[in-house]
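Heads up: the structure comes next, in structure tokens.
Here, each number is a calculation from the coordinates, and none is a lab measurement. If you're wondering where the values come from, they're calculated on a predicted model, not measured in any experiment.
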Amino acid sequence: MESFSHLNNPIHFQKYLDENHVQKVIEAEFNNEKNYFFIAEYDNEPAGFFKIVFDEHEDQPLLKDKKCLELERIYILNKFQGLKISSEIIDKTFKIAADHQFELVWLGVWENNIKAITIYKKWGFEIFGSHIFNLGGDLQTDLLMRKNVNPHKN
């Protein structure tokens, strides 16, 4: 969030944090058996985190009949960016997907986060749609990207 909070209206950004990053919401996410959270470390120091969601397709028609793993909330602290931590996160996600025989890994990324979109494309993700993300009353467009991780299925 460090990387893009300054690109948003501070009022909307704070409202989003106040509504979604509070103990009640976080506890509900941690108690959902589909959610898995990971801490990324660098030299034994927390450098970021990410979340994956098993069997998640959010009623997207192009995902509905697939066994999907959603990659969510990839956050790397600014001082650790450029150290290939995001590559490790992607590798870990693809390994989990293979171990659990998922067909697709998908994610949503803010349309204005060109750096992330470029990186995801390098990893083989393709844009397949979009949806609206409500950032504290500011309706933003997230691009939906996916990668087939099972070569025997399309």
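Partner aspartates and glutamates whose Cα lies under 13 Å from the Cα of residue 51, excluding those fewer than 8 positions away in the same chain, are identified as 29, 33, 70, 72. Comparing 111, 126, 45 in a Gaussian network model of the chain where C-alpha atoms under 10 Å apart are linked, the largest mean-square fluctuation is found at 45.
The lysines within cross-link reach of residue 64, meaning a Cα-to-Cα straight distance under 19 Å and a gap of 8 or more places when in the same chain, are 34, 147, 153. By the combined test of axial Cα extent (at least 20 Å) and Kyte-Doolittle hydropathy (mean at least 0.0), the qualifying DSSP H helices of the chain come to 85-99.
Using the structure shown, list the pairs from 15/92; 67/122; 24/92 with a Cα-Cα distance above 25 Å, or answer none. Long pairs (Cα-Cα over 25 Å): 15/92; 24/92.
Quick one: which residues, 5+ away or cross-chain, put their amide H under 5 Å from the amide H of residue 48? H built at 1.01 Å from N. Close amide H contacts, sequence-distant or interchain: 40, 77. Most fluctuating residue of 128, 49, 102 in a GNM of the chain with Cα springs under 10 Å: which is it? Ranking 128, 49, 102 by mean-square fluctuation puts 128 first.
Whole-percent P(r), the chain, all Cα pairs, 10 Å bins from 0: 10, 37, 41, 12, 1.
If you average over every viewing direction, what projected area does the convex hull of the Cα atoms of the stretch 84-133 give, in nm²?
Taking the Cα atoms of the stretch 84-133, their convex hull projects to 4.0 nm² on average.
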